[in-house]
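Accompanying notes for the structure given below.
The values are calculated or read from the model by the stated rules, or taken from the named source; none is laboratory data. Here the structure is a predicted model, which is why all the values come from computation and not from measurement. Using ideal geometry, Cβ is built from the backbone for each residue, glycine included, and neighbour counts are taken over all protein chains shown.
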Amino acid sequence: MKIIKSIGSAFVISSLLLGSALAGEVKSIAILTPEEGTDYGWNQQGIDAAKAAGEAAGVEVVVAQGLGYGDVRPTLRELASDGASLLIAHASGYNTAAPEIAKEMNVPVAIVDTPNGLEKGLVADYTLSGHEGAYLAGRLAAKMSRSKTVGVVVSGEPPSWNSQSGAFAQGVKAENPDVKIIYAVIGPAAYSDAAGGKRVTESVIASGADIIFGQGNGSSFGMLQAVETTKAADGGKVYFIDVIGDKSPIDKGFLLSSVVWNIEPVYAAMIADIKNDTFGTKHYAIGLKDNSVELLKTPAIPDDVWSQIEALREDIVSGKIKVEPVYDATAVRALMTSVAQ
């Protein structure tokens, strides 16, 4: 059974798992997202993962989506008052408000992009990094670029985006140091700016890129639109490499791959940590080894190229290739051939 109620301007869907015993002290978990869970990316993957982790643990799951990037304190308070045992603040813009509400309401919260914000029993950070998958995406892009110019377009420079941008650049250069990388930022926090994503991606394509590695939440739809409607310098197709989710259901033949994240194990670990009184004492990670990070195989990738990517994946898992995340924006920019202004 599902109960739908309105919190502020957002709709909250509470999935009640009837017939299941509540897991320990965890009565319910709630996830708050700035955009709707229909973006085949950050918001959707977070919501889907929370539902899956909650179902596995036999607890109620509350979804508050489309909250925007403003003040979410009222929503956090209401969810805490309703008895949520864990509030997952699934946006970097919430990492100030959520810890405040954690202390005020004495409820555990999970935030992102704040690795130093751990507080036992109250605040856990899950600044995740798909850098291993992004490295493979860089190797793939360098192998398949006809123009030997690829683009990185981002909607901001949070740690998670930076680590993937940096690893993508490292992968490109490891495959072919002669490939040029054009790096462009839509804005300081342009996560939902689809129009900006389209405009900036078009400019990067005009500069010679025939493969775009895009990180953007809602703005990624603008990036994809630019790829679909703009020809490469040689008159051929431009391809798009996405992150976090899988846009295959809406692809028109321009999706080359995606660095796909599975966040369910992270949320499952959080629930277990609350039960074990270890919440807020550790960091969480995703990676190739347990398939919580995977590079998407699409029909656009030739079989021989994919076989080479699979071999590189095994080299990373075995430790033969080491990919260290780079979280600092200045350091990431230094890895690029050029930065679009």
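Over 29 Å from E25 (Cα atoms) and of a type outside the set (D, E, K, R) - does that describe any residue in the range 275-282? No; the residues of the range 275-282 include none that is over 29 Å from E25 (Cα atoms) and of a type outside the set (D, E, K, R). In the set (1) touching a Gly at 6+ places or on another chain (Cβ under 9 Å); (2) at pLDDT 95 or above, the condition left unmet by G54 is number (1).
Quick one: is E104 touching a Gly at 6+ places or on another chain (Cβ under 6 Å), outside the structural domain of G245 (by TED's automatic domain parsing), over 29 Å from R199 (Cβ atoms) and modelled with pLDDT of 95 or more? In short, no. Has the range 189-208 got at least one residue that is closer than 14 Å to A137 by Cα, surrounded by 20 or more Cβ atoms within 10 Å (Cβ to Cβ), at pLDDT 95 or above and not charged (D, E, K, R)? Looking through the range 189-208, none of the residues is closer than 14 Å to A137 by Cα, surrounded by 20 or more Cβ atoms within 10 Å (Cβ to Cβ), at pLDDT 95 or above and not charged (D, E, K, R).
Among the residues of the range 214-244, those that are within 15 Å of A300 (Cα to Cα), part of a strand (DSSP E or B) and of a type outside the set (V, I, T) comprise Y239, F240, D242.
Scanning the range 143-166 for residues that are in a helix (DSSP H, G or I) and in contact with a Gly (Cβ under 7 Å, 6 or more places away or on another chain) turns up just one, Q164. Looking only at residues in the range 25-39 that are β-branched (V, I, T) and crowded, with 24+ Cβ neighbours inside 10 Å, the one that is nearest to G68 (Cα to Cα) is T33.
Report yes if L136 is at pLDDT 95 or above and in a helix (DSSP H, G or I), otherwise no.
Spelling it out, L136 is indeed at pLDDT 95 or above and in a helix (DSSP H, G or I).
Based on what the data block shows, is L17 among the aliphatic types (A, V, I, L, M), buried (at least 16 other Cβ atoms within 10 Å of the Cβ) and modelled with pLDDT of 95 or more?
When the stated conditions are applied, L17 does not pass them.
Residues in the range 289-301 that are in contact (Cβ under 8 Å) with a residue 40 or more places away in the chain and over 20 Å from the mean Cα position of the chain (by Cα): A300, I301. Listed conditions (1) among the aliphatic types (A, V, I, L, M); (2) surrounded by 13 or more Cβ atoms within 10 Å (Cβ to Cβ); (3) over 22 Å from the mean Cα position of the chain (by Cα); (4) closer than 29 Å to F254 by Cα are all met by I309, apart from (3).
Filtering P115, P158, P177 for residues that are modelled with pLDDT under 95 and in the same structural domain as V238 (by TED's automatic domain parsing) leaves a single hit, P158. Within the range 212-267, the set of residues being touching a Phe, Trp or Tyr at 6+ places or on another chain (Cβ under 6 Å), free of Cβ contacts under 8 Å to residues at least 40 places away in the same chain and either outside the structural domain of D303 (by TED's automatic domain parsing) or buried (at least 24 other Cβ atoms within 10 Å of the Cβ) (or both) comprises L224, V227, F240. Of all residues in the range 318-327, one or more are among the hydrophobic types (A, V, I, L, M, F, W, C), farther than 28 Å from A110 by Cβ, crowded, with 16+ Cβ neighbours inside 10 Å and at pLDDT 95 or above.
For the structure I just gave you, tell me whether T127 is in contact with a strand residue (DSSP E or B) (Cβ under 7 Å, 6 or more places away or on another chain), assigned to a loop (DSSP other than H, G, I, E, B), closer than 30 Å to A340 by Cα and polar (S, T, N, Q). Outline the logic, then answer.
Numbers: in contact with a strand residue (DSSP E or B) (Cβ under 7 Å, 6 or more places away or on another chain): no; assigned to a loop (DSSP other than H, G, I, E, B): yes; closer than 30 Å to A340 by Cα: yes; polar (S, T, N, Q): yes.
Criteria not met by T127.
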